[in-house]
Amino acid sequence: MPDSLIVQWYDAVGRGLLNYYRCCNNFYKVKDYVDYMVRWSAIHTLAGKHKSSSRKIIAKYTKNLVIRDEKEYIVAELMSSNKIRAMGRKFLTDVSEDAFDKVIDAIWVKFSRSKFFGIRCAVRGCSNSDIEMHHVRELARMKDTFGHISVVSKKGRRVTGTEAFKVAFNRKQIPLCHSHHVDSHNKRLAFWDIDWEYVRGDGIF
C-alpha cells in the first residue's frame, strides 16, 4: 500500500480507540497506549515495507508521519503527541456506537478502489483497465446498499473492514482484463505471460 494509506489506517485506529474510551476513568492510560503503540506500530510498518530503519523513517516523515504529495500538501499524518495529551476525559454524545467500524470500513472502501485491486491488466504489454479479478481461491466480494464491501473468509463467513482487508490480502488476487480473464480460465494464459513484478511490487499485494 502507498505510505499515505498506511498512515491513514493507523491514524483512524488511534482516533477510534481514543474516541471509544474517552469517557473512561483511566483515559490517561489509553492516551499513553495510543501515543506509543499505534505510533510505533505505524513507524515499524513503514520501516519494514521500505526495508529501512525506524530512525530513517522518522528522519523522512517525523514521528507524526507527515506524508505530503508532490505539491507539498499534507495527505496523511498521525495525531501529534501534544494533541493526544491535550485531549480531556468526557462523554462524546455526538459519536455513534459504530463510529470506529465506519471509519475502518471507509478505509477498506478506499483500499478497494486503489492499486490493491489493480488499475491495469497484469498481462505483459496489456494496458486494458476493464479489470476482473482472477483469484487463487474464491473471494466473492459484494457491496451492500450502504456501499459497504464484504468478502467471504475461508470459514465461509462474510466479513468487512479490517477482516475483509486481511482476507483479500491473503488470497493473492491477480488483476486481469475481461479478455485475459477468459483466456486464463480456458488455459490460454501461461505463467510467463504475467508481469509478476507489477503484481508483487506495485502495491497490489
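The values are calculated or read from the model by the stated rules, or taken from the named source; none is laboratory data. None of the values given here were measured: they were computed from a predicted structure. A quick note on method: Cβ atoms are made from the backbone with ideal geometry, for glycine too, and the neighbour counts reach across all protein chains shown.
Points worth noting:
- For TYR61, the conditions (1) on the phi > 0 side of the Ramachandran plot; (2) at pLDDT 70 or above; (3) surrounded by 13 or more Cβ atoms within 10 Å (Cβ to Cβ) all hold with the exception of (1).
- Candidates VAL103, VAL123, VAL75, VAL66: the one that is on the phi < 0 side of the Ramachandran plot and modelled with pLDDT of 90 or more is VAL66.
- Restricting segment 27-52 to residues that are loosely packed, with under 13 Cβ neighbours inside 10 Å and assigned to a loop (DSSP other than H, G, I, E, B), the residue that is farthest from the chain's Cα centre (by Cα): LYS51
- Qualifying residue in segment 66-75 (condition: touching a residue at least 60 places away in the same chain (Cβ under 8 Å), of a type outside the set (Lys, Arg) and not in a loop (DSSP other than H, G, I, E, B)): yes
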